[in-house]
């Protein structure tokens, strides 16, 4: 049974979809969760957690600002004495065929999806090494494994997360820190809800389990990797895609 009682967790991109589900799931398992997002967008997530008896606080954070990330981690440690779980979930898309892709769209996606994870992981490892323990989980995507037309920037950023986490896992394993990746497939979010019924049916037909995943499916995988039950798993990519890509 997963028990995260009194673990201190930080989750980025916590305002909706997968990020919100991760915050809610970690809190349900007993963690105190710092839900980070731009502005006050994570406040509804925190209110929902608190209404259900969980513990959480909102944090305004621009993940593309290295100084802000450093301060955020330091503040969490100063307030709570430690940081046990960090989930790098914040991400954006700027889709387009490569021949038409603007450099700004490439840079923005890599900065938010990949470079921000580097900055967050580097900041989080400092207190985790002192603690001699911690869990770092990055949210990648099936697209980072399979590629996808019109998403060269997004696929590159998500594939980069996999290589990054596999490398860092080898660097910090001796300190009792695990670094893993969750790679979701097609998940029920605001973006997929905008699809037509025909389009949704077409996508579902390509998934062996016959349905789109839910944010909770991804959140459950994160909770497992954050738990003691996953203490012997590091440098791993956990696919949550219904068999869409293996």
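What follows is calculated from the coordinates using simple rules that are stated; it is not laboratory data. Predicted, not measured: the structure shown is a model, and the values here were computed from it. Backbone-built Cβ (ideal geometry, glycine too); neighbour counts: all protein chains shown.
Tabulated values for the structure
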{"quantity": "Helices (runs of 4 or more DSSP H) contained in segment 139-246 and holding at least 1 residues farther than 23 Å from residue 105 by Cα, touching a residue at least 24 places away in the same chain (Cβ under 8 Å) and under 19 Å from the mean Cα position of the chain (by Cα)", "calculated": "152-172, 215-226"}
{"quantity": "Residue under evaluation residue 135, criteria (1) under 14 Å from the mean Cα position of the chain (by Cα); (2) in a helix (DSSP H, G or I); (3) farther than 22 Å from residue 38 by Cα, criterion not met", "calculated": "(2)"}
